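To keep things clear, I will list the structure first and then write my remarks on it.
The values are calculated or read from the model by the stated rules, or taken from the named source; none is laboratory data. Here the structure is a predicted model, which means the values were calculated and not measured. Quick reminder, even Gly has a Cβ in these numbers, built from the backbone with ideal geometry, and neighbours come from all protein chains shown. With ligands, DNA and RNA removed, areas are computed over all heavy atoms of the protein, side chains included. Shrake-Rupley method; radii C 1.70, N 1.55, O 1.52, S 1.80 Å.
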Amino acid sequence: MNQEKITELEKVINKDHSNIGGMVVLKNGETLYEKYFNGCTADCRIHVYSVTKSILSVLVGIAMDQGYIKSVSQKVLDFFPDYTVKKGEKTIQNITLEHLLTMTAPYKYKFAPYIKYFTSDNFVKFTLNLLGGRGQIGDFCYTPLIGPDILSGILSNSTGRSVFDFASENLFSPLGIAVARSLTFQSKEEQMAFNTSTNISGWASDPAGNNTGGWGLSLSPVDMAKIGQLYLNGGVWNGKQIVSKSWIEESTKEHSRWEKCSLPYGYLWWISGDTEQGFSAMGDGGNVIYVNTHREMVVSIASLFTKNVKDRIAFIKDYVEPAFDKNFS
């Protein structure tokens, strides 16, 4: 560690990344840095927004390992046998699990109907009704909220359990991650309070009990770092294989690309697009699980929500890695 660079790093945090609640840095599995800001502590739990998507990817891999899901080539509608396809709808019938994982499934909306989504009783059914349309299957179309819930429905229908229960048994408990309960909001005010809270532990769900796929999970920076380290370890935690190495390798390589921003995408993980080897889970407000496989480094950042935050990946590469990697050049 370079104390001078750490001092510089913390000055940059206070100046340019002042909404950070906590940050953890692991190198070769060892905690080199754990610090909290803005009144946060190790006990705080923060809504990590789209980092939730990458956790969902882990769970899909575990479900495949356990035989609940046969292949990413399975058609989405295979998991919803009671769903009635509207007359003339063809696109939806050809969309696969892999299209959902790579954000290459089309939807019927031009502008996301957020109010209708948040006030619906069943996020999965609401989103299924928007899947397909006239868009082209295979074209990258990032869906922040209205889309990933279908994967939650697939997980729940294939395992016969809620996503929260499946995650608790197969991922959270083995890693020592505490997520207290499923959360169903009774009002817009409750949900907004969750978005800004630092002391609510849980995973959001709709009134029907479907846990959210694209947002809604609250974690600590240490929890997030554990997920990153699990992937760096090839899926092994305390000698136990939690998720297969083959799934990690497949889900953290480029399958699609957001051409507008030149960002490679795996299975709900963003892939490093430069000479560095690695991948990241990224959530609104600057929430990040960053894994650099070459440097064997994990950086997790949990952030209090604010709009238009500065690029966290650039911050990690410019300030965090140089401060904690003695071989950095």
Q) Relative to the compact globular guide of 2.2 N^0.38 Å, what is the alpha carbon radius of gyration of segment 1-84, as a ratio? A) 1.71
(Q) Report the gain in length on full extension from residue 241 to residue 31: 0.36 nm times residue separation, minus Cα-Cα distance, nm rounded to one decimal. (A) 73.4 nm
(Q) I'd like the distance separating the alpha-carbon centroids of segment 235-254 and segment 278-322, in whole Å. (A) 21 Å
Q | Residues listed by number, segment 1-32, amide nitrogen under 17 Å from residue 294 label point at 7 Å toward C-beta | A | 28
Q) Using the Cα atoms as the points, what is the convex hull volume per residue of segment 114-241 in Å³? A) 136 Å³
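Over segment 133-226, what relative contact order in percent results from Cα pairs under 8 Å that are six or more residues apart? Numbers along the way, then the final one.
Details: 93 pairs, mean separation 30.9, N = 94.
It comes to 33 percent, rounded to a whole number.
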Q) Please identify the trypsin sites (Lys or Arg not before Pro) of segment 143-205 that satisfy two criteria: DSSP loop assignment and at most 12 other Cβ atoms within 10 Å. Which are they? A) 181
Q | Calculated from backbone phi, Karplus (6.51, -1.76, 1.60) coupling profile of segment 29-37 in Hz, x at Gly/Pro | A | x, 9, 6, 9, 7, 8, 9, 10, 9
Q.
Need one number: nm distance between label points at residue 157 and residue 326, each 7 Å from Cα along Cα→Cβ, rounded to one decimal.
A. 5.4 nm
Q | Gained length - residue 261 relative to residue 87, 0.36 nm times residue gap less alpha-carbon distance | A | 59.0 nm
Q. Looking at segment 247-321, which trypsin sites (Lys or Arg not before Pro) are in a loop (DSSP not H, G, I, E or B) and have at most 15 other Cβ atoms within 10 Å?
A. 253, 260, 307, 310
Q: Please identify the helices of the chain, taking whole runs of DSSP H, that span at least 20 Å along their own axis as judged from the Cα atoms and have a mean Kyte-Doolittle score of -0.5 or higher.
A: 51-65
Q | Centroid-to-centroid separation of segment 76-112 and segment 115-165 [C-alpha atoms, Å] | A | 9 Å
Q: Step through the residues of segment 178-186 one at a time and calculate ³J(HN,Hα) from phi using the Karplus curve (6.51 cos²θ - 1.76 cosθ + 1.60, θ = phi - 60°), rounding each to whole Hz and writing x for Gly and Pro.
A: 9, 10, 5, 6, 6, 10, 10, 7, 8
Q: Tell me which residues come under 5 Å, amide H to amide H, from residue 263 once H is placed; ignore anything under 5 positions away on its chain.
A: 258
Q.
With equal scatterers on the alpha carbons only and no solvent term, can you work out the Debye log10 of I(q)/I(0) for the chain at 0.07, 0.08, 0.11, 0.13 1/Å?
A. -0.27, -0.35, -0.67, -0.95
Q) Tell me, what HN-Hα J-couplings in whole Hz come from the Karplus equation 6.51 cos²θ - 1.76 cosθ + 1.60 at θ = phi - 60° for each residue of segment 93-107, using x for Gly and Pro? A) 6, 10, 7, 10, 4, 5, 4, 5, 5, 9, 6, 10, 9, x, 10
Q. For the chain, can you list the cysteines whose C-beta has no other cysteine C-beta under 4.7 Å from it?
A. 141, 261
Q: Using the heavy atoms of the protein chains and a 1.4 angstrom probe, tell me the accessible area per residue for the chain in square angstrom.
A: 45 Å²
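State to the nearest 20 debye the size of the charge dipole of the chain about its Cα centre, where the only charges are +1 on K and R beta carbons and -1 on D and E beta carbons. Kindly include the intermediate steps, with their values, before the conclusion.
Details: 32 positive and 33 negative charges, 148 e Å.
Around 720 debye, computed over the chain.
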Q: Show the residues, 5+ positions off or on another chain, whose built amide H is closer than 5 Å to the amide H of residue 237.
A: 242
**Q.** Added length on full extension, which subtracts the Cα-Cα distance from 0.36 nm per residue, residue 42 to residue 142
**A.** 32.8 nm
Q: Count neighbours as other Cβ atoms within 10 Å of each site's Cβ, and list the GluC sites (Glu not before Pro) in segment 86-181 that are DSSP loop with at most 16 such neighbours.
A: 89
Q: Scan around residue 185 for amide H atoms under 5 Å from its own, H built in the peptide plane at 1.01 Å from N, and keep only partners 5 or more places away or cross-chain.
A: 205
Q: Could you please state how large a percent of the accessible area of the chain is carbon and sulfur, counting protein chains only and using a 1.4 Å probe?
A: 47 percent
